[in-house]
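**Student:** Structure provided below as structure tokens; questions to follow.
The values are calculated or read from the model by the stated rules, or taken from the named source; none is laboratory data. What you see is a predicted model, and the numbers here were worked out from it, not measured in a lab. Cβ sites come from the backbone with ideal geometry, for glycine too, and all protein chains shown count toward neighbours.
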Amino acid sequence: MLVHMAWRARLVITRGMALQNVVTVVGQMMADRGYEAISVKDAYKDAAAARVQMAFRGVHPDLSAGIVVVFMLLEGLKTEQVSVKDMRACKDWMQDNAVAHAIVVSRAGLNHYTSREIKSWRDCVIETFLTSELQVNITHSCYYLPHRKVTQAERDAIVARYGLDNLWLIHTDDPVVRYFGWVAGALLAIKCDYGGHEGLESFRLVTVATK
């Protein structure tokens with residue numbers, strides 16, 4: 001009995017620390033995208049019931065402008081993965097509150113039917129992350145190379161010099177691409193340090209990942 005209670009207490013503490021890591025990394029991720037945090041309680045009275053944990057305001061050139069909310073679908077699910085019913089409830093809340101962009105965080109991800117359904121939603125942007133993906137900020141890793149999206153003028157010059165078909169590719173499911181919210185068609189400059197005084201930039205075209 002005591003062993004079981006100790007195990008349960010350790011599980012609660014571990015999950016609490018994992019959730020705090022998620023909140024921290026999501027806040028850093030949205031700040032790196034150019035968003036600012038806003039008070040969920042002041043903006044939405046029913047946020048807790050809808051499992052809206054965080055909210056941000058800003059403009060993302062590839063995704064949306066305005067409010068982004070973060071749904072934490074961690075407890076109260078009938079199945080381990082997020083179901084269609086769970087996601088429809090999130091979408092209904094978004095429509096009622098005029099929110100068109102959401103980040104969904106869960107422990108086990110979306111099931112096949114849910115993933116297929118949200119791909120058909122054209123009136124909103126849904127990003128999904130696992131809690132395990134948000135325990136550490138990937139841009140703080142010693143292996144991370146600085147990424148940036150090039151300007152339109154830079155893009156025109158790069159495409160004219162190298163040709164669009166000759167550029168190296170990076171997929172939309174790349175962790176850094178997902179962190180910054182870049183979409184297919186974006187052209188990125190990645191700064192590589194080969195031991196010189198100044199790093200050299202190589203270019204990658206974001207493309208849809210193929211299964």
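**Student:** Within region 63-91, restricting attention to residues that are of a type in the set (S, T, N, Q) and under 23 Å from Val25 (Cβ atoms), which residue is modelled with the lowest pLDDT?
**Tutor:** Ser64
**Student:** Additional query: Run down Ala37, Ala50 and say which single residue is touching a Phe, Trp or Tyr at 6+ places or on another chain (Cβ under 7 Å), outside any helix (DSSP H, G or I), free of Cβ contacts under 8 Å to residues at least 40 places away in the same chain and not assigned by TED's automatic domain parsing to the domain that holds Pro146.
**Tutor:** Every option except Ala37 fails the conditions.
**Student:** Evaluate region 68-84: report whether one residue or more is touching a residue at least 40 places away in the same chain (Cβ under 8 Å), within 26 Å of Leu187 (Cα to Cα) and assigned by TED's automatic domain parsing to the domain that holds Gln20.
**Tutor:** For region 68-84, residues touching a residue at least 40 places away in the same chain (Cβ under 8 Å), within 26 Å of Leu187 (Cα to Cα) and assigned by TED's automatic domain parsing to the domain that holds Gln20: absent.
**Student:** From Gly109, Gly76, grab the single residue that is over 23 Å from Ala37 (Cβ atoms), exposed (fewer than 14 other Cβ atoms within 10 Å of the Cβ) and of a type outside the set (Val, Ile, Thr).
**Tutor:** The match here is Gly76.
**Student:** Also, quick follow-up: Output the qualifying pairs, or none if there are none: Cβ atoms under 6 angstrom, residues six or more apart or on different chains, first residue in region 131-156 and under 30 Å from Leu74 (Cα atoms), second residue not in a loop (DSSP other than H, G, I, E, B) and not aliphatic (A, V, I, L, M).
**Tutor:** What qualifies is Gln135/Asn21; Asn137/Gln28; Ile138/Pro175; Ile138/Tyr179.
**Student:** Now for a separate question. Run down His101, His112 and say which single residue is within 22 Å of Phe180 (Cβ to Cβ) and not assigned by TED's automatic domain parsing to the domain that holds Trp182.
**Tutor:** Being within 22 Å of Phe180 (Cβ to Cβ) and not assigned by TED's automatic domain parsing to the domain that holds Trp182 holds for just one of His101, His112, which is His101.
**Student:** For Ile190, state whether it is farther than 30 Å from Ala102 by Cβ and of a type in the set (Val, Ile, Thr).
**Tutor:** Here the answer is no, as Ile190 does not meet what is asked.
**Student:** Can you name the condition, by its number, that Val99 falls short on among (1) in contact with a Leu (Cβ under 9 Å, 6 or more places away or on another chain); (2) at pLDDT 90 or above?
**Tutor:** (1)
**Student:** Considering only region 104-124, I want to know if a residue exists there that is of a type outside the set (A, V, I, L, M) and on the phi > 0 side of the Ramachandran plot.
**Tutor:** Scanning region 104-124 turns up at least one residue that is of a type outside the set (A, V, I, L, M) and on the phi > 0 side of the Ramachandran plot.
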